[in-house]
Amino acid sequence: MTDAVKGPASYFPSIEKKYGRPVSEWKDLIRSSPLTKHMELVNWLKAEHGLGHGHANALVAHTLAEGRDK
């Protein structure tokens with residue numbers, strides 16, 4: 001039996017379906033942004049790309065966590 005995906009990544013299938021872009025593309029956008037703070041990035045995704053708050057928050061949280069792990 002496989003474990004269910006938890007945390008921010010649990011939003012990824014619905015993000016890809018709703019916005020028509022792969023998560024890797026959203027992460028690249030986040031990484032290439034001159035913004036660095038979590039809520040700045042969330043607000044930018046919402047304002048410029050039309051993402052809902054939960055989806056934007058999940059993408060930013062996951063992307064920033066990856067950066068800290070490297």
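The values are calculated or read from the model by the stated rules, or taken from the named source; none is laboratory data. This structure is a prediction, so every number in the text was calculated from the model and none was measured. So basically every Cβ, Gly included, is an ideal-geometry build from the backbone, and we count neighbours across all protein chains shown. Each accessible area value is taken on the protein alone, full model and side chains, heavy atoms only, with ligands, DNA and RNA left out. Shrake-Rupley method; radii C 1.70, N 1.55, O 1.52, S 1.80 Å.
Going residue by residue through segment 52-64, is there one that turns out to be open to solvent by less than 50 Å² (accessible area, probe 1.4 Å) and polar (S, T, N, Q)? Yes, segment 52-64 contains a residue that is open to solvent by less than 50 Å² (accessible area, probe 1.4 Å) and polar (S, T, N, Q). Could you give me the residue pairs with C-beta distances under 8 Å whose first residue belongs to segment 46-70 and is over 17 Å from P22 (Cβ atoms) and at pLDDT 95 or above, whose second residue is aromatic (F, W, Y) and open to solvent by 50 Å² or more (accessible area, probe 1.4 Å) wherever it lies, and which are 6+ apart or on separate chains? These pairs meet every condition: G54/Y11. Every condition in (1) within 14 Å of A65 (Cβ to Cβ); (2) modelled with pLDDT of 95 or more; (3) open to solvent by 80 Å² or more (accessible area, probe 1.4 Å) holds for K6 except the one numbered (2).
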